[in-house]
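Here the structure is laid out as structure tokens; the discussion comes afterwards.
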Amino acid sequence: ADLLVVLQQIKQLYDFELLTELESLAVEIDVSQFEQVIINLLKNAEQANTEQGSAERPTVLVAKERDSAIIKVQDTGPGMSQASLTKAFLPYYSTKAEGSGIGLSICRDVIEAHQGTIELSNRQPTGLDVKLTLPID
């Protein structure tokens, strides 16, 4: 599937800024599972921005590194504590009052099933970076 086409489709439902220099990027993904992952990450990013009192849209960066597609979902929220970063992928762990804690663990399962990786890191001066790496066709 063309990653950029899939992201454009999601963009019709969720407002985010798509940043890329690529025309297209073919990856072997289950489109509906991948959409769920991105939507989940966008919702998290949106909530983080709102918490910070920011009306900014989440940003999705798409790049190509060697034989991998890199997708970064970025927010300008408060970021995560070191403890939360460590536990974020544990089932049922949540930093949100109403959070079920299954979001990120499911995201990780889906990405790993596609031979990819998912990493969280805090951004400077504020915000969170969720980096997905997927093999390119």
### Message
One residue is enough: does the range 64-74 have a residue meeting the conditions in contact with a strand residue (DSSP E or B) (Cβ under 6 Å, 6 or more places away or on another chain), of a type in the set (D, E, K, R), open to solvent by 30 Å² or more (accessible area, probe 1.4 Å) and more than 16 Å from residue 15 (Cα to Cα)?
### Response
yes
### Query
If you go through the range 46-55, how many residues are open to solvent by 70 Å² or more (accessible area, probe 1.4 Å), without any contact (Cβ under 8 Å) to a residue 40 or more places away in the chain and not in a loop (DSSP other than H, G, I, E, B)?
3
### Task
Please work out if residue 137 is farther than 19 Å from residue 33 by Cα and out of contact with any Lys or Arg (no Cβ under 8 Å at 6 or more places or on another chain).
no
### Members of the range 114-125 found to be open to solvent by 70 Å² or more (accessible area, probe 1.4 Å) and more than 14 Å from residue 85 (Cβ to Cβ), listed by number
115, 124, 125
### Task
For residue 102, state whether it is within 14 Å of residue 3 (Cα to Cα) and within 16 Å of the chain's Cα centre (by Cα).
no
### Message
Looking only at the range 67-89, filter to residues that are under 20 Å from residue 6 (Cα atoms) and not in a loop (DSSP other than H, G, I, E, B); which one of those is nearest to the chain's Cα centre (by Cα)?
### Response
73
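Listed here are the residues, each with its yes/no results for (1) closer than 20 Å to residue 22 by Cβ; (2) out of contact with any Leu (no Cβ under 9 Å at 6 or more places or on another chain); (3) aliphatic (A, V, I, L, M).
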{"residue": "88", "(1), (2), (3)": "no, no, yes"}
{"residue": "102", "(1), (2), (3)": "no, yes, yes"}
{"residue": "107", "(1), (2), (3)": "no, no, no"}
{"residue": "123", "(1), (2), (3)": "no, yes, no"}
### Task
Would you check which residues across the range 90-112 are in contact (Cβ under 8 Å) with a residue 24 or more places away in the chain and either open to solvent by 60 Å² or more (accessible area, probe 1.4 Å) or outside any helix (DSSP H, G or I) (or both) and list them?
96, 106
### Task
Please find, among 43, 64, the residue that is in contact with a Gly (Cβ under 9 Å, 6 or more places away or on another chain), outside any loop (DSSP other than H, G, I, E, B) and closer than 25 Å to residue 21 by Cα.
43
### Query
Tell me, which residue of the range 75-89 that is hydroxyl-bearing (Ser, Thr, Tyr) and open to solvent by less than 80 Å² (accessible area, probe 1.4 Å) is farthest from residue 28 (Cα to Cα)?
81
### Query
From the residues in the range 6-38 that are more than 15 Å from residue 69 (Cβ to Cβ) and not in a helix (DSSP H, G or I), which one is least open to solvent (accessible area, probe 1.4 Å)?
16
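The values are calculated or read from the model by the stated rules, or taken from the named source; none is laboratory data. Fair warning: this is a prediction, and the values are worked out from it, not measured in the lab. Quick reminder, even Gly has a Cβ in these numbers, built from the backbone with ideal geometry, and neighbours come from all protein chains shown. Accessible surface areas use protein heavy atoms only, side chains included; no ligands, DNA or RNA. Shrake-Rupley method; radii C 1.70, N 1.55, O 1.52, S 1.80 Å.
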